[in-house]
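Scroll down for the structure; my scribbles are underneath it.
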Amino acid sequence: MLLITEIILRGMYLTSLFFIVFWLLLYLSYRSNIKKQNKKVRNPSSYPKVTVVIPAYNEETSIVGSVESVLELNYPKDNVEIIIVDDGSSDNTSKRANDVIKRNPNRNIQLIKQKNKGKAHALNNAMKASKGELFVCLDADSYVDKDTLRKMVHMYQTEPDLAAIVPAMKVRNPRTLIQKIQRAEYINSLLLIRLMSYMNCLYVTPGPFSLYKLDVLKKLGGFDETNLTEDQEIAYRMQESHYRIKHCPSAFVYTNSPDTIKGLYHQRNRWFSGSVQNIIKYRRLIFNREYGDFGLFQLPLNVSAFLLAFGIVAFFINFSIVPFFKELKNLYLVGFDITPYLKDFFKFNMNILDFNISFQFIIAIIFLAAIIVILIAHRNSEAAVFKYGWIYIIPYLIFYYIFLSFIAVIVVVEMLIGRRKEW
Amino acid sequence: MVRIKRKLSSDKIIVAAVISVLIFILGISLGVILTNERVNWLDEVNKEQEVAYQSVQLQAYFLSSILNNNASCSVLHATLEDTIADLDYSLDKLVEYDKDSRIKKDEFDLLKRRYTLDNIKYWLMAKQAKDICEKDLVLVLYFYSGENCSICPDQGVILTYFKKKLNDKLLVFPIDVDMADDEPMIKLIQKAYKIYQYPTLIIDGIKYEGVTQKNDLGNIICSDIESDSACTDYWMDVMSEAENETG
């Protein structure tokens, strides 16, 4: 039993180490491209018509801000069509949307109301009404930077074979610890997204301001209304059909992130459930040479992330929860009298030989690499590392991925027992 | 619409795999070096303890045969206590390091055997010293199994608690019965005391089988020790608990 645990543990170390080393190597090999791309921000040669769709369900507090951020885009006003889809909200979302429409009579904004049928249905509905060459989705809790559309359209014109362009998503005004941790996570993800983009391995076109070529979307049959993460599913479908998705690193979009653990849990539970759903749906692509890096590297990585989550949870239970209960039992055995132990509490008796160097060395290497990744990632997304202090970095590095691993394990268990989920 | 021509970054995957395996091997090699150092350290400590044992043995012999009085018992007792504390510490480390390591099992087993013998030697010596010096001292011979006894750690916790509370008034000599197949001396003691289940404590020649709980062990130990303040506190606690129970 002990030997099996050790093998699993060492396997986890080796896998984590491999992925970190791989990403760092990839970063080094694309460093010059990244530097060039950071400098190069030009205007598009022409301005094709763009439809920005804002699906909203009970978003009365944020819908106005989202629409206004689109209205303020540095893009010819006549070439931006805005479609707000109220997905059967029970609050004042429609009223707020109508207020914005009235305040901007010269702008092309329309409101579509539908029964509550989910975001994918809302997007498909808007697709039918869309007159643009390009189709952009903006979640109603997200806000787009003025130059984002211009930058994305420029990229689209320089690389016309692109089917979708993914923006650089950041957390908007992080206030709570949970939000600051997510800010760090998003910033790190941006580096990975950029590297995945170089490898043609993007497997999600996030809700906040991903841009699609409308005819490709139509050819693919629109968004899957049965999927929990339609933004991931459409990306998988594009990859399956060998379409190209690229990341535009200087195109920023800001999104509201959950500010409580409960909110974060629900969001990630849905994301991870969608991931499992898509991994299962597109399993034939895994280890399929026809799909190059996407089939042989990215999809196995997505699968191993769930396996790693199981390992992390087992590791956490074995090294934290079990010892905690053991100590509790020990205290019970001595009638919770801790006085004899207190006199040794401040005795620092360190023996260098006590360090389990083979494990600690690898853990140290992984942590060191993680810190390097954090620093590079912040530079990559033009974000200051300590803008919101540094305390949150500690729970981010130590506890956050344990928390996410627990969610991933719960998701897999829920799916195995057949618990049904809805958007 | 142009479909992409897929690439495979096999060169980067191979380089990353090679680097990862090299780092991993480096980690494992450090582990091997560390295990060697641990074995060497334990061996060294054991040799020092051999010398310390000779010193204690000589002191006891001197006191009982030449001086024939107990005026200098404090020296013997201090040496004994220090050496047993050292032995306890290094035995703990030995168990911990052995658990950590997948290599050098034979050397760890040999070291364990030597440490077990040392514990028995010191127990006998402590008994002798107690008689010579008429010292207020409790000796506990603690039989446990590391492999086949899930409740033994509970006894270890209770013994450690009293050891921390009473310091040099209580000397505990742990004997791992899993070593019995290699070490006939353990079998001999087991037979002498008819020890068939674990954990078992031998205190003042009396056998206590199963986990001896905190209160029971407190009563046994403190009825042997009169002078220690920790035991005075213990008796006061027992009395106040009894008063509370009677209302």
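Observations
- Any hit, the stretch B:32-43, residues being out of contact with any helix residue (DSSP H, G or I) (no Cβ under 9 Å at 6 or more places or on another chain), within 14 Å of chain A (Cβ to nearest Cβ) and exposed (fewer than 15 other Cβ atoms within 10 Å of the Cβ): yes
- Scoring A:Tyr341 on the criteria (1) under 30 Å from B:Ile33 (Cβ atoms); (2) over 37 Å from the mean Cα position of the chain (by Cα); (3) part of a helix (DSSP H, G or I) leaves a single failure, condition (1).
Residues are listed down the side, and each one gets a yes or a no for (1) in contact (Cβ under 8 Å) with a residue 12 or more places away in the chain; (2) of a type in the set (Asp, Glu):
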| position | (1), (2) |
| --- | --- |
| A:Asn351 | no, no |
| A:Asp354 | no, yes |
| A:Phe361 | no, no |
| A:Phe367 | yes, no |
| A:Ala370 | yes, no |
| A:Val373 | yes, no |
| A:Ala384 | no, no |
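- Any hit, the stretch A:241-261, residues being within 15 Å of the chain's Cα centre (by Cα) and among the small types (Gly, Ala, Ser): yes
- Subset of the stretch B:7-17 (residues that are more than 7 Å from chain A (Cβ to nearest Cβ) and surrounded by 12 or more Cβ atoms within 10 Å (Cβ to Cβ)): B:Ser10
- Leading residue by the ranking (nearest to A:Ser89 (Cα to Cα)) among those in the stretch A:102-143 that are of a type in the set (Lys, Arg) and touching a Ser or Thr at 6+ places or on another chain (Cβ under 8 Å): A:Lys113
- Given (1) within 14 Å of another protein chain (Cβ to nearest Cβ); (2) surrounded by fewer than 19 Cβ atoms within 10 Å (Cβ to Cβ); (3) under 18 Å from the mean Cα position of the chain (by Cα), index of the condition B:Cys152 fails: (2)
- Test result for B:Asp131, at pLDDT below 90, part of a helix (DSSP H, G or I) and either of a type in the set (S, T, N, Q) or more than 25 Å from B:Asp224 (Cβ to Cβ) (or both): no
- Only a single criterion out of (1) within 11 Å of chain A (Cβ to nearest Cβ); (2) in a loop (DSSP other than H, G, I, E, B) is not satisfied by B:Asp181, namely (1).
- Selection within the stretch A:183-213 - among the aliphatic types (A, V, I, L, M) and within 14 Å of chain B (Cβ to nearest Cβ): A:Leu195, A:Met196, A:Met199, A:Leu202
- In this entry, A:Phe367 passes the filter for residues that are within 14 Å of chain B (Cβ to nearest Cβ), among the hydrophobic types (A, V, I, L, M, F, W, C), in contact with a helix residue (DSSP H, G or I) (Cβ under 9 Å, 6 or more places away or on another chain) and within 30 Å of A:Lys180 (Cβ to Cβ).
- Residue within the stretch A:169-182 that is over 23 Å from A:Asp147 (Cβ atoms), within 14 Å of chain B (Cβ to nearest Cβ) and in contact with a strand residue (DSSP E or B) (Cβ under 7 Å, 6 or more places away or on another chain) present: no
- Filtered residues of the stretch A:61-107 (kept if surrounded by fewer than 16 Cβ atoms within 10 Å (Cβ to Cβ), free of Cβ contacts under 8 Å to residues at least 60 places away in the same chain and closer than 17 Å to A:Leu134 by Cβ): A:Pro76, A:Lys77, A:Asp78
- Among the strands (runs of 3 or more DSSP E) confined to the stretch A:37-118, the ones with at least 2 residues that are charged (D, E, K, R) are located at A:80-87.
- Any hit, the stretch A:350-364, residues being buried (at least 16 other Cβ atoms within 10 Å of the Cβ), in a helix (DSSP H, G or I), of a type in the set (Phe, Trp, Tyr) and within 14 Å of chain B (Cβ to nearest Cβ): yes
- Some residue of the stretch B:187-203 being under 22 Å from A:Phe336 (Cα atoms), of a type in the set (Ser, Thr, Tyr), touching a strand residue (DSSP E or B) at 6+ places or on another chain (Cβ under 7 Å) and not in a helix (DSSP H, G or I): no
- Residue that is surrounded by 12 or more Cβ atoms within 10 Å (Cβ to Cβ), in contact (Cβ under 8 Å) with a residue 12 or more places away in the chain, within 14 Å of chain B (Cβ to nearest Cβ) and of a type in the set (Phe, Trp, Tyr), where the choices are A:Phe306, A:Phe316, A:Phe297, A:Phe272: A:Phe297
- Criterion: at the interface with chain A (Cβ under 9 Å from one of its Cβ atoms) and either in contact (Cβ under 8 Å) with a residue 24 or more places away in the chain or aliphatic (A, V, I, L, M) (or both) - qualifying residue of B:Ile4, B:Ile25: B:Ile4
- Test for A:Ser257: is it in contact (Cβ under 8 Å) with a residue 60 or more places away in the chain, part of a helix (DSSP H, G or I) and of a type in the set (S, T, N, Q): no
- Exactly one residue out of A:Ile7, A:Ile54, A:Ile34 is of a type in the set (Val, Ile, Thr) and within 14 Å of another protein chain (Cβ to nearest Cβ), and it is A:Ile7.
The values are calculated or read from the model by the stated rules, or taken from the named source; none is laboratory data. None of the values given here were measured: they were computed from a predicted structure. Don't worry about glycine lacking a Cβ; one is built from the backbone with ideal geometry, like all the others, and counts go over all protein chains shown.
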